[in-house]
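Please treat every number below as a calculation from the coordinates, not as lab data. Note that the coordinates shown come from a computational prediction; the quantities given were computed from them, not determined experimentally. For neighbour counting, all protein chains shown are included, and Cβ atoms are generated from backbone atoms with ideal geometry for every residue, glycine included.
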Amino acid sequence: MSAGITTRLLPFAALALVLSGCATADGGRRSQVTLGNAKVTQIDFAGVDLRFDLVVKNPTDRYVKLDAYRWDLLVAGKKLAKGHSSGSQPVDSSSDLVVPIEVSVKNGDVFGAMRADRLKKRPTYELRLAALIAGGLMTLPQDFEKRGELPILYRPIITLQNFHVLKQTDQSATVRFDALLENLNNFPIHLDKTTANLHLAGRPVAQEFQTKPRDIPANGRTVADYELDLDLAVLGETVVNALRQNEVSYQFDGTTAFNTPWGQKSLNFMQSGRLQIKR
């Protein structure tokens, strides 16, 4: 047992002095305590909920007790979450006790912790758990450490670029622009049909137009191109004059959806700025 774990167990050691005893062995059989690997119970763009199962197996003819436990979750060496038990739990003879350790982690906290650990491309977690198991004439401390890659769901990044005016008259214009699609996740994503809106020079010029589905490789990028026919007679002089300039202000927003290992996720996106006009 490491010195850090021993220090964390000192409050439990004091508690053990006043706990009643229960049998731990019967005919050579002993209770076993294990800590399961992390399972994702919920994930979104804000954070992730994890579950670790603390399992006490009692194969004997007598009962034992999980008297107490406490845990800390660290990312890049920084404690982001902690918890403890609210009371002892008995484990009947020839039965198992499963205690879920539920941990919630916010992405903002993770990214804050990673600033001090920039060399890691993917955040990793360390769960430190200490437990007291009562049986026989004494209570025994046990400690666990679980390490792994912390699941994070990243938003696809949609960046408007390369705005072209292909043709323009007093009545109409045909424009084409590219959107750079980036995927920071370590799995490929399939962007479903996207519904988007485009504003130029503060005026809506295309509303709820549909784009084709796109595949983006894991940790990769691709470019989607869009072509729109604009009715300048309806849009007015503001848009007509803006398209004659060297650059134009824009807003690009909409909704899309993509599949993940944890189900389909919906995404709202919006960006604004200025684009150089190419002809």
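Summary of values
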quantity: Helix 3-16 vs. the chain, principal-axis angle (Cα, 0 to 90°, nearest 10); calculated: 50
quantity: Theoretical gain in end-to-end length, residue 124 to residue 229 [0.36 nm per residue, Cα-Cα removed]; calculated: 33.0 nm
quantity: Fewest-first sequence of 243, 166 by Cβ atoms within 10 Å of each Cβ; calculated: 166, 243
quantity: Rounded FRET efficiency, nearest 0.05, which uses the C-beta distance separating residue 262 from residue 32 and R0 of 30 Å; calculated: 0.45
quantity: Highest-first arrangement of 145-152, 65-72, 191-198, where packing means the average Cβ count within 10 Å; calculated: 65-72, 191-198, 145-152
quantity: Correct choice for Cα Rg over 2.2 N^0.38 Å that was computed from the model, options (1) 0.97; (2) 1.54; (3) 0.92; calculated: (2)
quantity: Bins of 10 Å, starting at 0 and running to the largest distance - Cα pair percent for region 157-278; calculated: 13, 44, 27, 13, 3, 0
